[in-house]
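Structure record follows, encoded as structure tokens.
The values are calculated or read from the model by the stated rules, or taken from the named source; none is laboratory data. Only a predicted model underlies this, so the values are computations on that prediction, with no experimental measurement involved. Backbone-built Cβ (ideal geometry, glycine too); neighbour counts: all protein chains shown.
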Amino acid sequence: MKQNWKPGTMIYPLPAVLISCGNSPEEYNLITVSWVGTICTNPPMCYISIRPERHSYPILAKNMEFVINLTTAAMAKETDWCGVRSGKDYNKFAETGFTPVSGISVSAPHIDESPLCIECRVREILSLGSHNMFIADVINVLADEKYIDKDTGAFDMNKAGLLVYSHGHYYEIGKEIGKFGWSVQKKKK
């Protein structure tokens, strides 16, 4: 039997990412976000949702560019810290030891230690309630070569040890149980 609960955000797990923003080292900031996702494949688009009272919000709204930096189990403590401390009180790059690297296609920096960095340009901001959604075009993707399979050229998510967030807790992605289409794939004889 199922219990009837009030409406809430129970879609978990979600990626635990660090959003980097700012167009100069003096303005650079990091914010931990889990309200993030893919919107469209062609053209490639994604979103992040941020509370307007967050320190990063006016930086994002002014520059209209950001980078989604995937995080790993090794980055978990710093990822959490960036979500509970404000950039108005701390230089988060200095405090975490993460290395800001100038963006390739956007003014925002990416995190050198991140295995995959997605450079984004904001197309639209939607006011939704507690959060505003930044709908963005994916402009460029930077993948750490040590996680690229030499045979297939694919990014190896499991090798990267990516971090996810689930209802107040962080987890490292676990073992693979299948791949897209495996349920209908013909067995080789």
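Those residues that are at pLDDT 95 or above, hydrophobic (A, V, I, L, M, F, W, C) and in a strand (DSSP E or B), I need them from region 1-47; list them, please.
Residues satisfying the conditions are Val17, Leu18, Ile19, Cys21, Leu30, Ile31, Val33, Val36, Ile39, Cys40, Met45, Cys46.
Run down Glu113, Glu176, Glu172 and say which single residue is within 17 Å of the chain's Cα centre (by Cα), closer than 21 Å to Pro13 by Cα and among the charged types (D, E, K, R).
Exactly one residue qualifies, and that residue is Glu172.
Residue under question is Val184, and the condition is that it be out of contact with any Leu (no Cβ under 8 Å at 6 or more places or on another chain), aliphatic (A, V, I, L, M) and in a strand (DSSP E or B); does it hold?
Against the criterion (out of contact with any Leu (no Cβ under 8 Å at 6 or more places or on another chain), aliphatic (A, V, I, L, M) and in a strand (DSSP E or B)), Val184 does not qualify.
May I ask you to say which residue of Ile50, Ile31, Ile59 is crowded, with 17+ Cβ neighbours inside 10 Å, touching a Cys at 6+ places or on another chain (Cβ under 9 Å) and within 23 Å of Pro13 (Cα to Cα)?
Going through Ile50, Ile31, Ile59 in turn, the sole match is Ile31.
What pairs come up if the first residue lies in region 125-147 and is at pLDDT below 95, the second is among the hydrophobic types (A, V, I, L, M, F, W, C), and their beta carbons are under 6 Å apart, counting only those six or more places apart or on different chains?
Tyr147/Phe155; Tyr147/Ala160
Okay, residues lined up against (1) modelled with pLDDT of 95 or more; (2) touching a Gly at 6+ places or on another chain (Cβ under 8 Å); (3) hydrophobic (A, V, I, L, M, F, W, C); (4) surrounded by 20 or more Cβ atoms within 10 Å (Cβ to Cβ):
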residue	(1), (2), (3), (4)
Thr96	yes, no, no, yes
Ser102	yes, no, no, no
Ile111	yes, no, yes, yes
Ser114	yes, no, no, yes
Ile118	yes, no, yes, yes
Val122	yes, no, yes, no
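Is region 165-174 home to any residue that is within 24 Å of Glu65 (Cβ to Cβ), in contact (Cβ under 8 Å) with a residue 60 or more places away in the chain, surrounded by 10 or more Cβ atoms within 10 Å (Cβ to Cβ) and not aromatic (Phe, Trp, Tyr)?
No - not one qualifying residue is present in region 165-174.
Go through (1) among the hydroxyl-bearing types (Ser, Thr, Tyr); (2) touching a Leu at 6+ places or on another chain (Cβ under 9 Å); (3) in a loop (DSSP other than H, G, I, E, B) for Tyr165 and report which single condition fails.
Of the numbered conditions (1) among the hydroxyl-bearing types (Ser, Thr, Tyr); (2) touching a Leu at 6+ places or on another chain (Cβ under 9 Å); (3) in a loop (DSSP other than H, G, I, E, B), the odd one out for Tyr165 is (3).
Among Ile59, Ile68, which is in a strand (DSSP E or B) and touching a strand residue (DSSP E or B) at 6+ places or on another chain (Cβ under 6 Å)?
On the way: Ile59 fails: in a strand (DSSP E or B).
Matching residue, one of Ile59, Ile68: Ile68.
Return the residues of region 79-102 that are free of Cβ contacts under 8 Å to residues at least 24 places away in the same chain and touching a Phe, Trp or Tyr at 6+ places or on another chain (Cβ under 7 Å); say none if nothing qualifies.
none
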